[in-house]
Structure formats: structure tokens, C-alpha cells
1. What's the number of the only condition in (1) free of Cβ contacts under 8 Å to residues at least 24 places away in the same chain; (2) surrounded by fewer than 16 Cβ atoms within 10 Å (Cβ to Cβ); (3) more than 8 Å from every other protein chain (Cβ to nearest Cβ) that residue B:2 fails to meet?
2. Run residue A:35 past the list (1) crowded, with 18+ Cβ neighbours inside 10 Å; (2) touching a residue at least 40 places away in the same chain (Cβ under 8 Å); (3) within 19 Å of residue B:31 (Cβ to Cβ) and report the number of the one that doesn't hold.
3. Going residue by residue through the range A:106-124, is there one that turns out to be crowded, with 16+ Cβ neighbours inside 10 Å and either at positive phi or in contact with a Pro (Cβ under 9 Å, 6 or more places away or on another chain) (or both)?
4. When the range A:114-130 is examined, which residues are found to be part of a loop (DSSP other than H, G, I, E, B), farther than 14 Å from residue A:1 by Cα and not hydrophobic (A, V, I, L, M, F, W, C)?
5. Which of the residues spanning the range A:9-30 are of a type in the set (Phe, Trp, Tyr) and either surrounded by 22 or more Cβ atoms within 10 Å (Cβ to Cβ) or more than 11 Å from chain B (Cβ to nearest Cβ) (or both)?
6. Any idea how many residues of the range A:55-86 are surrounded by 15 or more Cβ atoms within 10 Å (Cβ to Cβ) and of a type in the set (Asp, Glu)?
7. Among the residues of the range B:47-66, which ones are closer than 17 Å to residue A:100 by Cβ and surrounded by fewer than 18 Cβ atoms within 10 Å (Cβ to Cβ)?
8. I'd like to verify a number: residues in the range A:96-113 that are within 14 Å of chain B (Cβ to nearest Cβ) and either among the hydroxyl-bearing types (Ser, Thr, Tyr) or assigned to a loop (DSSP other than H, G, I, E, B) (or both), how many?
Amino acid sequence: MITYRFNPNVSSLILEVRLEYVYERTRKMLFDTGASLTVITPRVAEELGYDLSQLKTASLYTASREESVYQLNLRSISMESGKILNISALCMPLPSELKIDGLLGLNFLRHFNINLNFEEGILTFIPLEKYFVRN
Amino acid sequence: MKDLVNVKECEKLYPDEWLLFEVTECDEMNRPIKGRLLAHSKDRDEVHKVAMEVKCAHDYITYTGEPIPKDMAVAL
């Protein structure tokens, strides 16, 4: 079980995860159950070793508009004691006011049973063993 | 070569900045605990430039202030 403590009054939950492609990069990402897919910024994609000019594009539908974004596949996303392999992600800029490097969306989160305990400020991830590769 | 530092202690020295570390040691839960501070700046792009030049095997970039402004609501 992976446990994070958080302030129940904060407006968002930020988690530290390790992303892997060519290089390993530990970055802070927003826990976002409203995002279908995981998102990283173009800067992080380049830092991981992606060549943006070689990536395919996809249409993204947000609450207010449609836009074109890059598609990529991360080798893994690690969270404390293990990792989930082969996670698809979109690559798009986030507002500069947000000091985060991406969003952890449902395509990553669905590999866990997740409990958000607002009374005690505890977020727990119970990995689904068939997907979770332990370190 | 830059000195090894304790990551959490170093973060306290640079409030409201982006920090780039080369990670040399993680704890048992894989969180970076020791490394070399390669860059710090108010501007994420400045840190990105250094990360792209150095390209170490494992780096850690963090912002030491509030990641989302208190007066800002987020709907992504």
C-alpha cells in the first residue's frame, strides 16, 4: 500500500512520481481523476528524451474546446515501491501559473484501488498486483 | 563537480524557485534524498535548458513554492 498525507483543505493534490523513457525524471504531477489520460508538458517530454517532431498528434476535447496535442508512450511511471509499465500520455502545455509538470490521469490511476480519506488527510493507493512491477 | 546535498534541506534555501537536481541517492521508497543541485531559477525554462544540456540519467525538478496559487481554481 502506498500512502500520502495531505492537507484536506488544499485545492489540489500533487504527487511526486518517476517518469521513464530514455531518461528517468522525477516530477510533480496533479492527481486528476477528471483526466482520461495522463498528461506531461512538452518540456518534460524533451527532458525524458522524446523528439517532439517525431510524435503523432491527437485531438483533445476539453470542456471548452478542441485542440491538437502530441501522443506518446512512457516506458513506466514509478510510485514509491514499484512501477506501471507502458503508459500512454498526451503532451501539451499547461498554464504557466501551475507549477506542476503534468497530470496523472485515469489511464494510470486505474491500476490501483484508491482511497481518499479527507477526514484524516490520507490518500492511499493499493496496487493491482497484475500490473504493478515491484522494485 | 558540484557537492552532494540533502535534497529537502537544499529546497529550504530557495523559496518559490524551480530546482534541478542530479539524483544520486533515493530512500527505500524511491524518493530522491541526495544529489547535486544543477540549477535554480524562478523560470522553469531556465531549469529546462540546463536539464537538456546535462542530460543526467536521473534528475529531479521541483518547485519549492505553492504549486497552485491559493486564489486560483483549477478545472482541467
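The values are calculated or read from the model by the stated rules, or taken from the named source; none is laboratory data. Here the structure is a predicted model, which means the values were calculated and not measured. All Cβ positions, even for glycine, are placed from backbone atoms using ideal geometry, and neighbour counts span all protein chains on display.
1. Looking at each condition in turn, residue B:2 falls short on (1).
2. Single failed check for residue A:35: (3).
3. Yes, some residue in the range A:106-124 is crowded, with 16+ Cβ neighbours inside 10 Å and either at positive phi or in contact with a Pro (Cβ under 9 Å, 6 or more places away or on another chain) (or both).
4. Within the range A:114-130, A:119, A:120, A:121, A:130 qualify.
5. A:21
6. The qualifying residues number 1.
7. Result: B:64, B:65, B:66.
8. Within the range A:96-113, residues that are within 14 Å of chain B (Cβ to nearest Cβ) and either among the hydroxyl-bearing types (Ser, Thr, Tyr) or assigned to a loop (DSSP other than H, G, I, E, B) (or both) number 7.
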